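Here the structure comes first, spelled out in structure tokens, and everything after it is commentary.
A short reminder: the numbers here are calculations on the coordinates, not readings from a lab. In this text, all values refer to a predicted model and were calculated from it rather than measured experimentally. For neighbour counting, all protein chains shown are included, and Cβ atoms are generated from backbone atoms with ideal geometry for every residue, glycine included.
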Amino acid sequence: MKIKRIAHLGVAVNSLDDALKLFTDGLPLEVTHTEEYQGMKIGFIPVGDSSIELLQDTSGSSAIRKFLDKNGEGIHHIAFEVDDINAAVEELKAKGIRLVDEKPRPGAHGMSIAFMHPKGTHGILMELCQPTNPGNH
């Protein structure tokens, strides 16, 4: 497996609009776009070769809602871009690393994604991702 970069940090927020104000008015950053995905509204903020992914629950029952209820706002996950997500998932399984996703699935922002379980990664929810369109990241 080749990890190319930290693709993004996922941050759970109660209000995407409030969080965007901090990053765009308080810091010299800009949001490139927002999208709705699986009961969440997500804002993407590039920072160098990586980005911050702000995640707001819109359904009342998304994984982000559960995280916010348990932990409050904060870093939800770290995502690593890999060169071949299918091979990466198989390699992790062969090494006995516990996975949330046994096979990659479609994710936000045109990515194929798979999560590792935090019980097998020292409490850190880690995501592997690979752009489904190479020009998209």
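Just the ratio, please: alpha-carbon radius of gyration of the chain over 2.2 N^0.38 Å, N its number of residues.
1.03
Putting +1 on Lys and Arg Cβ atoms and -1 on Asp and Glu Cβ atoms, find which of GLN130, TYR37, ILE85 reaches farthest to the positive end of the dipole of the chain.
ILE85
Can you pull the one-decimal nm distance between simple spin-label points at LYS93 and LYS2, each 7 Å off the Cα toward Cβ?
Taking the simple label geometry, LYS93 and LYS2 are separated by 2.3 nm.
Under 15 Å from the 7 Å Cα→Cβ point of GLN38, by amide nitrogen: which residues of segment 72-111?
Counting only backbone N, you get 76-80, 99-111.
With each pseudo-label sitting 7 Å past Cα toward Cβ, what's the LEU22-ILE75 distance in nm, one decimal?
So the label points at LEU22 and ILE75 sit 1.4 nm apart.
For segment 25-98, list log₁₀ I(q)/I(0) at each q in 0.15, 0.19, 0.25 Å⁻¹, using the Debye formula over Cα point scatterers of equal strength and ignoring solvent, two decimals each.
-0.73, -0.99, -1.12
May I have the count of lysine pairs in the chain with C-alpha atoms under 28 Å apart, counting pairs 8 or more residues apart or located on different chains?
26
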